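The values are calculated or read from the model by the stated rules, or taken from the named source; none is laboratory data. Values in this document were obtained by computation on a predicted structure and should not be read as measured data. No Cβ is skipped: glycine too gets one built from the backbone with ideal geometry, and neighbour counts run over all protein chains shown. To get the accessible areas, we keep the full protein, side chains included, count just its heavy atoms, and leave off ligands, DNA and RNA. Shrake-Rupley method; radii C 1.70, N 1.55, O 1.52, S 1.80 Å.
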Amino acid sequence: MRAKKVASVTKSVKMKKEFDSDQHLVWSAVSELLISFNVESYSKAVDDVYAVMEDKRYDYLHIFKYEDGQNGIIVFINDRVSGVEYISLKRAYKIYHSGFIASYALNSIFEAKREKNENGYRTIDEFISEFDKYQWEITKSVGLGDDIRFMNDNYVAAGLIYQGELIQMSILNNNEGGDKGLEHTF
């Protein structure tokens with residue numbers, strides 16, 4: 001869902017120079033998630049899915065604990081880079097860590113119910129070696145700093161640069177999948 005939203009905003013920035021998301025696309029992704037988890041929700045809220053998977057969410061949070069000084073994660077799901085989260089300020093990252101883990105846990109469980117994603121990088125080295133080839137779009141941010149984005153066949157990214165420093169960056173796998181029924185790992 002996050003990848004779809006970031007991709008939607010990235011297209012809006014590129015085409016209209018506005019930071020708008022396609023809300024129909026976002027609500028469609030939420031509905032797909034609710035259906036996949038057999039969750040009936042009057043409000044159509046993602047939190048209702050989190051409530052159903054609370055025990056698994058706790059397991060992931062227990063396994064992937066915040067480490068002192070940590071300010072980012074690289075997540076693999078099904079042997080592919082699923083996402084990268086970075087926040088330059090360590091105390092700020094600490095606040096968001098459990099939310100990132102919960103989001104990727106949900107994604108991992110969701111992917112286990114779907115076809116396996118065969119697109120994206122298999123190793124950190126492969127990921128890093130391609131980084132300078134991305135076609136970055138830089139736009140004045142709504143607030144301070146500059147918004148930085150890219151989108152290619154496999155990934156979508158959004159971040160913030162302020163006074164020459166990367167403040168925040170999310171890079172998300174933006175693919176739909178391949179062989180159904182294969183084992184998933186997080």
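Which pairs turn up if I take residues in the stretch 82-100 that are part of a helix (DSSP H, G or I) and look for partners that are open to solvent by less than 30 Å² (accessible area, probe 1.4 Å) and among the hydrophobic types (A, V, I, L, M, F, W, C) with beta carbon separation below 6 Å, at least 6 apart in sequence or on another chain?
Cβ pairs passing all conditions: Tyr93/Ile87.
Any idea how many residues of the stretch 155-186 are modelled with pLDDT of 70 or more, in contact with a helix residue (DSSP H, G or I) (Cβ under 8 Å, 6 or more places away or on another chain) and not in a strand (DSSP E or B)?
Selection size over the stretch 155-186: 1.
Can Gly143 be described as of a type outside the set (A, V, I, L, M), on the phi > 0 side of the Ramachandran plot and more than 17 Å from the chain's Cα centre (by Cα)?
no
Table: residues versus (1) surrounded by 13 or more Cβ atoms within 10 Å (Cβ to Cβ); (2) modelled with pLDDT of 90 or more; (3) farther than 24 Å from Asn175 by Cα.
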residue: Tyr60; (1), (2), (3): yes, no, no
residue: Asp68; (1), (2), (3): no, yes, yes
residue: Phe76; (1), (2), (3): yes, yes, no
residue: Gly83; (1), (2), (3): yes, yes, no
residue: Ser88; (1), (2), (3): yes, yes, yes
residue: Arg91; (1), (2), (3): no, yes, yes
residue: Ala105; (1), (2), (3): yes, no, no
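For Phe131, only one of the following conditions fails: (1) closer than 29 Å to Lys14 by Cβ; (2) open to solvent by 40 Å² or more (accessible area, probe 1.4 Å); (3) hydrophobic (A, V, I, L, M, F, W, C); (4) touching a helix residue (DSSP H, G or I) at 6+ places or on another chain (Cβ under 6 Å). What is its number?
(4)
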